[in-house]
Amino acid sequence: MQVGWSYWYPADYEVSHGDQIDTPAPGELKDGAYETAGGTFVHEGYDCPVGTAEAACPGTVRTGPGGFTYGQISKVSTTPNPHGGGEFWAQTLWDLRTALGSTLAESLVTRAMELSPAFPSMVDMRNSILQADQAIYGGRQVAALWRLFAARGLGFFAASDGGDDQNPVQSFAVPPAPGSPIATLTGKVTDPGNTALAGVTVGIAGHDSGFPGDYAATTDASGTYTISGIFAGTYPYVSASEAGFTRQVRSTVALGSGTTTLDWQVARTGPPRPAAAASPPSPAATTPRTSAVRRTSSTRASTAAGAATPTSPRTVRRAPRPRRTW
């Protein structure tokens, strides 16, 4: 996405200041004219909509014509690289700019960077832009944003297995309508010895970016977790993770109306945490005192100053995300 932002922000600036002209015709906005003496280093314009057959938006051999979609990010270039995904992200953000205008688009895209989790996936950034609109504008653009994202394959059931997944699952669905069937996911997390594990996060990919209302929960002392209020449907990935344990992922998880039980077993990747050292005895003490070890959970909520949070944030302990390789 760093590449996508580096494409989009200059194009936004240049069009706003008259250095590039953006007409209703697709395929006009390309980068690299200065560096390539009038050529370009992108495959097609940032203003190429999905499905267009215009010659100015030829796509690539592996994607076909028209604007790129989320499931094609590894196919834009001959081999997967950040520039292919960057072109997709720049086109997605240009759709947002076209629909909402430069000022509002800049506000949402920039604020979303502040709110996003570390090393985000594109679905995390989708969620961050939606959260930015909620924080700044009270969610006035939510419906329009969902339509834009869904058209690019970043719909409600889109997901990736981490920020560096080159083959994410795309979805062209907007969120289910109010009153749609609701599911609950519950279960227990243990180690290979069947010992209950507290503090393990179970999350549904695409809806576990660390915001209020996420589809994620942390196990309690009995190793039990419960995620409620889930729109029924089939989700590409559900994971269980905790620092110091192997991350487990289940694929294509169907959640129907009612309660689904999904148990997990995670193995430790390192030695157990050492017990706290005993505190030195106080001169006035008649018996030695020892320090107690207490495990706590951390929470993540919107950091928007002065913005009302629509619901209380769930307590979620997130495992460290792997650093992206590009």
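Tabulated data for the structure shown
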{"item": "From the options Gly179, Gly213, Gly193, residue that is in a loop (DSSP other than H, G, I, E, B) and under 19 Å from the mean Cα position of the chain (by Cα)", "result": "Gly213"}
{"item": "Total residues in region 187-215, condition of a type in the set (A, V, I, L, M, F, W, C), touching a strand residue (DSSP E or B) at 6+ places or on another chain (Cβ under 7 Å) and crowded, with 16+ Cβ neighbours inside 10 Å", "result": "6"}
{"item": "From the options Thr219, Thr226, Thr184, Thr246, residue that is modelled with pLDDT under 95 and over 19 Å from the mean Cα position of the chain (by Cα)", "result": "Thr246"}
{"item": "Number of the condition not met by Arg147 [criteria: (1) under 18 Å from the mean Cα position of the chain (by Cα); (2) surrounded by fewer than 16 Cβ atoms within 10 Å (Cβ to Cβ); (3) within 15 Å of Tyr13 (Cα to Cα)]", "result": "(3)"}
{"item": "Qualifying position, being farther than 22 Å from Gln170 by Cα and assigned by TED's automatic domain parsing to the domain that holds Tyr9, among Asp133, Asp124", "result": "Asp133"}
{"item": "Region 159-178 residues that are surrounded by fewer than 17 Cβ atoms within 10 Å (Cβ to Cβ), paired with ones that are among the acidic types (Asp, Glu) and modelled with pLDDT under 95 (beta carbon under 9 Å, 6 or more apart)", "result": "Asn167/Asp161"}
{"item": "Residue that is modelled with the lowest pLDDT, among those in region 4-55 that are surrounded by fewer than 21 Cβ atoms within 10 Å (Cβ to Cβ) and either outside the structural domain of Thr69 (by TED's automatic domain parsing) or among the aromatic types (Phe, Trp, Tyr) (or both)", "result": "Tyr34"}
{"item": "Options Thr260, Thr218, Thr184, Thr234; residue that is out of contact with any helix residue (DSSP H, G or I) (no Cβ under 7 Å at 6 or more places or on another chain), exposed (fewer than 15 other Cβ atoms within 10 Å of the Cβ) and among the β-branched types (Val, Ile, Thr)", "result": "Thr234"}
{"item": "Cross-chain or 6+ apart pairs with Cβ under 8 Å, region 129-152 first and touching a residue at least 24 places away in the same chain (Cβ under 8 Å) and assigned to a helix (DSSP H, G or I), then surrounded by 18 or more Cβ atoms within 10 Å (Cβ to Cβ) and of a type in the set (D, E, K, R)", "result": "Ala132/Arg111; Ala135/Arg111; Ile136/Arg111; Leu145/Asp133; Leu148/Asp95; Phe149/Arg126; Ala151/Asp95"}
{"item": "Residue count for region 109-121, restricted to those that are in a helix (DSSP H, G or I) and buried (at least 24 other Cβ atoms within 10 Å of the Cβ)", "result": "1"}
{"item": "Residue match in region 221-228 (condition: under 20 Å from Ser128 (Cβ atoms) and hydrophobic (A, V, I, L, M, F, W, C))", "result": "no"}
{"item": "Tabulated pairs, region 6-20, first at negative phi, second at pLDDT below 90, C-beta under 6 angstrom, 6+ apart or interchain", "result": "Tyr7/Asp31; Tyr7/Gly86; Ala11/Leu29; Ala11/Tyr46; Glu14/Gln20; Val15/Asp22"}
{"item": "Region 149-206, residues that are among the β-branched types (Val, Ile, Thr) and over 30 Å from Tyr46 (Cα atoms)", "result": "Ile182, Thr184, Thr186, Val189, Thr190, Thr195, Val200, Thr201, Val202, Ile204"}
{"item": "Search result, residues across region 209-251 that are over 14 Å from Leu185 (Cα atoms) and without any contact (Cβ under 8 Å) to a residue 24 or more places away in the chain", "result": "Asp220, Thr246, Gln248, Ser251"}
{"item": "In region 63-81, the residues that are over 16 Å from Val169 (Cα atoms), in contact with a Lys or Arg (Cβ under 9 Å, 6 or more places away or on another chain) and modelled with pLDDT under 85", "result": "Ser77, Thr78"}
{"item": "Flag for Ile136 being surrounded by 15 or more Cβ atoms within 10 Å (Cβ to Cβ), of a type in the set (Val, Ile, Thr) and touching a helix residue (DSSP H, G or I) at 6+ places or on another chain (Cβ under 9 Å)", "result": "yes"}
{"item": "Filter result for Val123 (in contact with a helix residue (DSSP H, G or I) (Cβ under 9 Å, 6 or more places away or on another chain) and either within 21 Å of Gly51 (Cα to Cα) or without any contact (Cβ under 8 Å) to a residue 24 or more places away in the chain (or both))", "result": "no"}
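The values are calculated or read from the model by the stated rules, or taken from the named source; none is laboratory data. Keep in mind the model is a prediction, meaning the values are calculated, not measured. All Cβ positions, glycine included, derive from the backbone under ideal geometry; neighbour counts span all protein chains shown.
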